[in-house]
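Comments concern the structure below.
The values are calculated or read from the model by the stated rules, or taken from the named source; none is laboratory data. Values in this document were obtained by computation on a predicted structure and should not be read as measured data. Note that we place each Cβ from the backbone using ideal geometry, even for glycine, and neighbour counts take in every protein chain shown. Note: accessible area is taken over every heavy atom of the protein model, side chains too, but ligands, DNA and RNA are not part of it. Shrake-Rupley method; radii C 1.70, N 1.55, O 1.52, S 1.80 Å.
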Amino acid sequence: MKTVTDEVATLELALAQTDRIVSSVRDDEWTRSTPCEGWDVSQVLRHLVVVLRKFRTAAEGGMPQWGDAEPVEGDLVDAYRQASAGLRAAWRAPGALDSTQAAFTLGMQRTEVVLHGWDLARGVGRTDDLDPELAESALAFAREMLRPEYRGTSAEGKHFGHEVPVPADAPAYDRLAGWMGRSPR
């Protein structure tokens with residue numbers, strides 16, 4: 001059985017994997033499209049930075065304002081690294097893992113980072129060295145969390161698309177993408 005501490009370590013692996021992807025983005029790749037409908041590489045990364053900041057607030061025991069837009073100023077890679085470091089530090093702080101919701105919150109955060117890391121990797125064409133165990137972990141959490149009533153279109157105010165059928169023996173990231181409403185190809 002996984003402990004909450006294992007969940008922090010897994011989140012850190014996901015953050016590091018996404019850092020490798022983000023660090024590899026060339027100047028001419030920021031405007032490439034991603035599987036995240038309507039968002040290019042820079043938009044996915046900006047979203048991820050904002051989300052990581054809000055995740056940090058939650059990990060520190062605060063209540064993030066999810067509807068508030070937050071600008072991401074300056075270098076996107078630096079912004080990602082700062083947001084990632086802040087989230088890691090928040091989870092490593094004394095008492096951060098004491099909440100009964102810590103494991104769920106970590107699972108949600110890990111899934112967000114793994115999925116958007118894949119979005120970025122697909123956008124820039126560098127999916128070959130993604131860790132399949134991270135995808136399996138995110139998929140296991142997502143299968144428990146993502147209920148049919150959360151699915152739909154953005155016009156319906158839904159954040160998750162309808163499941164895209166993917167063969168059961170497909171690679172882990174393809175199955176994760178399909179479950180989360182993205183086409184893996």
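A few points about this structure:
- Only helices reaching 27 angstrom along their own axis (Cα) with mean Kyte-Doolittle hydropathy no lower than 1.6 count here, and not one DSSP H run of the chain does.
- Accessible-area ranking of R126, R20, R182, largest first, probe 1.4 Å: R20, R126, R182
- The order of M108, M145, M180 by accessible area, most exposed first and with a 1.4 Å probe, is M108, M145, M180.
- Apportionment of accessible area to carbon and sulfur, the chain, percent (1.4 Å): 51 percent
- Sequence of H116, H162, H47 from largest to smallest accessible area, 1.4 Å probe: H162, H47, H116
- Relative contact order of the range 100-185, defined on C-alpha pairs under 8 angstrom at six or more residues apart (%): 25 percent
- Euclidean distance of C-alpha centroids, the range 23-91 and the range 131-185, integer Å: 20 Å
- When exposed loop sites are taken as GluC sites (Glu not before Pro) in a DSSP loop with at most 13 other Cβ atoms within 10 Å, the longest stretch of the chain clear of them is 74-185.
- Computed with a 1.4 Å probe over protein heavy atoms only, the accessible surface of the chain comes to 53 Å² per residue.
- Spin-label pair S183/R26, simplified geometry with 7 Å Cα→Cβ offset, distance in nm: 2.6 nm
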